[in-house]
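Below is one structure, written out as structure tokens; comments come after it.
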């Protein structure tokens, strides 16, 4: 399962109630910071998640409202916090701007406070764990090297206890080997194959984050059937021409796409302060009822076999 906490949900400039783009995806013991808009380090502190294990930053693109917080974050790491290393992943144009910011402005010839690695993103799998993968896919926004990200839990075949007992497979290491896909030989010499005690594949949880996106070409396959789709809603349909001119999406456009590809829930972010929140959510829910306009510090749990859940501040579920 994945948990996502939104640290900043405003488009272009902060508002009284919304910071600039940033969110953290948490899975097992790993944390992935997606974008780092101005003020992100303060949002991290206010959220209560802290800086530990926050050593992988995935940048959707290099516009300033998505990267300026890296300067303050690096400054804090230099003086207060300690992490073993820091990885920053982005397209080449994005990384060029990051280098200017960190090495030209913050460090100015000093050494980074920890090993700092910049990775040029290519489409495909970026990280793979025994239980999940993180992949990047290209998106059409303004400028080169813009990416979205897919967090995909690996599928699992359930162990059918009743069938195992009927076949005489004892509890213990034999069952563990069958779950791993290995045949076992019972005491009487009978060989049990995994297919005899494993059910059909159950797809794992799937969380898709598009980043800023102006066109949907090629994205249907990526987002098809996702449990949760995080997508921008910078404009409303009345301003669709302006949205297209600036390479952004409307709330209605995001909702129509979510309906088309059959996602479980649509989480709308990157909201312009020119609109009232209730107008954004009204436009989306008329088309795709399971839409949410997220706010700063909203948390959602994305797990297989159940609807996406919004978490209360104490970790309970509120929807």
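Each reported figure results from applying straightforward, stated rules to the coordinates on display, with no laboratory input. The structure presented is a predicted model; accordingly, all values stated were derived computationally and were not measured. Glycine gets a Cβ as well: all are built from the backbone with ideal geometry, and neighbour counts include every protein chain shown.
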* To do: Using only Cα atoms, find the angle between the long axis of helix 277-287 and the longest principal axis of the chain, and express it within 0 to 90 degrees, rounded to the nearest 10.
  => 50
* Consider a paramagnetic label point 7 Å from the Cα of residue 96 along Cα→Cβ; state which residues of region 27-64 have an amide N under 19 Å from it. => 59-64
* Asked: How far apart, in nm, are two points set 7 Å out from the Cα along the Cα-to-Cβ line at residue 131 and at residue 13?
  -> 4.4
* Distance between modelled label sites at residue 279 and residue 163, nm, 7 Å Cα→Cβ extension -> 5.6
* Say we join alpha carbon atoms closer than 10 Å with springs in a Gaussian network model of the chain; which of 51, 137, 297 then has the biggest fluctuation? -> 51
* With a 10 Å Cβ neighbour count serving as the proxy for reagent exposure, in which order, fewest first, do 153, 182, 87, 232 appear? -> 182, 87, 153, 232
* Given the options 100, 129, 29, state which has the largest fluctuation in a GNM of the chain using a 10 Å cut-off (strictly under) for Cα springs. => 29
* What list do you get for 184, 16 if you sort them by fewest beta carbons within 10 Å? -> 16, 184
* Structure fact -> With label points set 7 Å from each Cα along the Cα-to-Cβ direction at residue 83 and residue 114, the distance between them in nm comes to 0.5
* To do: Determine the calculated [θ] at 222 nm for the chain from helices alone, applying -39500 (n - 2.57) to every DSSP H run no shorter than 4 residues and normalising by the residue count; nearest 500 deg cm²/dmol.
  => -6500 deg cm²/dmol
* Out of [x] 1.04; [y] 1.26; [z] 0.98, which label holds the value of Rg/Rh (Cα atoms, Kirkwood Rh) that was computed here? -> [x]
* Mind ordering 70-78, 277-285 by average Cβ neighbours within 10 Å, highest first? -> 70-78, 277-285
* Structure fact -> In degrees, nearest 10, the alpha-carbon axis of helix 251-261 is tilted away from the dominant principal axis of the alpha carbons of the chain by 20
